[in-house]
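Coordinate-derived values only; no laboratory data. Fair warning: this is a prediction, and the values are worked out from it, not measured in the lab. When we count neighbours, we look across all protein chains shown, and the Cβ atoms used for this are built from the backbone with ideal geometry, even at glycine.
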Amino acid sequence: MVGPATDRPSGEATYARIVRPLLLPTWLVIGTLLLLPVLLMVVYAFLTKEFRGGVEWKFTLAAFEQFFINRGLFGDEPAQIEWTYINIFWRSIWQAALATLLCLLMGFPAAWYIATRRPETRTIWLFLITIPYWVNLLIRTVSLRFILRDNGPLNEALIAIGIITDPLPILNSNLAVQVGLIYSYLPFMVLPIYAAVERYNFTLSEAAVDLYASRWQTLTEIVIPVVKPGIVAGAILVFIPALGAFLAPDLLGGAKNFMIGSLIDEQFRGSQGNWPFGAAVSVILMTLVLIALLLQARGARRPS
């Protein structure tokens, strides 16, 4: 009779012989399409911009210095803080944070409503939530630009019903960017919360009512703590892509409403782009996101 201690090495050997080779394609794809581009981006951030475009293989911190410090057009003036790029970062952060908050305020009731319908009805609602993603994001953003323009359907409808007399200048504004971000990423908030609410034990709410808890107390002290993982997942899925978005700022916000994604995209366009600077901005953005995720993960591990 063979004991458990004898069986374990045999199981590990089987795993190493069969399962691990099957993981090689996955690791190859991750290394080629994720790790290698990130590594190239980090390397390019420390290179020197060539005068006619491209890079020179001379390692320097000039790209990072350009982001934080302004030394004038010819680089011979006293160093000053470069507020232009810092303001772009700040605008991106608050736009992404506001979009995340608004998506939460709209997505939580929608997810709750869907999760409390009959199973056959939920499928229809989930289909309606995901159907916009059957169309390319660029096409959807261009369509939104058509809707928000001065003589677009939105302004014409508001004028027709008498709410306004002159068209609202929505396009090329922070409001238009915010509308674009919410429209693009709202399903990313609804679906994780829906998954969490679907697993929620509604007898907890009934017990809270029996103990004379108000609706607000039930929501804040029972429901939200239980579905918090879905809320956190949705917030991450909205905030991170919204922070680096460039289609909505470019097509809806105009030149005065640049965001980080627009700044990075501009550096890699044409022969006059600055690849090291674009890579440096990408590294700074990636570092901020990683720090935020690490802080969130650390906070999640703390006992409540």
Just round it to a whole percent: the fraction of Cα-Cα distances in region 84-267 exceeding 30 Å. 32 percent
Show the residues, 5+ positions off or on another chain, whose built amide H is closer than 5 Å to the amide H of Asn70. Gln80, Ile81, Glu82
Taking only Cα atoms and a 10 Å spring cutoff, compute GNM fluctuations for the chain and point out the largest among Leu128, Leu39, Leu24. Leu24
GNM on the chain, C-alpha springs below 10 Å: top fluctuator among Leu293, Leu285, Leu171? Leu293
How far, in nm, would the chain grow between Val226 and Leu295 when pulled straight, counting 0.36 nm per residue and subtracting the alpha carbon separation? 22.8 nm
Phi to ³J(HN,Hα) by Karplus 6.51 cos²θ - 1.76 cosθ + 1.60 over region 175-180, Hz, x for Gly, Pro: 4, 5, 4, 5, 4, x
Compute the distance in nm between two label points, each set 7 Å from the Cα along the Cα-to-Cβ direction, one at Thr32 and one at Phe202. 4.9 nm
Say R0 is 41 Å: what FRET efficiency, to the nearest 0.05, do Tyr113 and Met286 get from their beta-carbon distance? 0.70
Cα→Cβ-extended label distance, 7 Å offset, between Phe68 and Thr123, nm: 5.6 nm
Label points 7 Å out from Cα along the Cβ direction at Ile163 and Val42: separation in nm? 5.0 nm
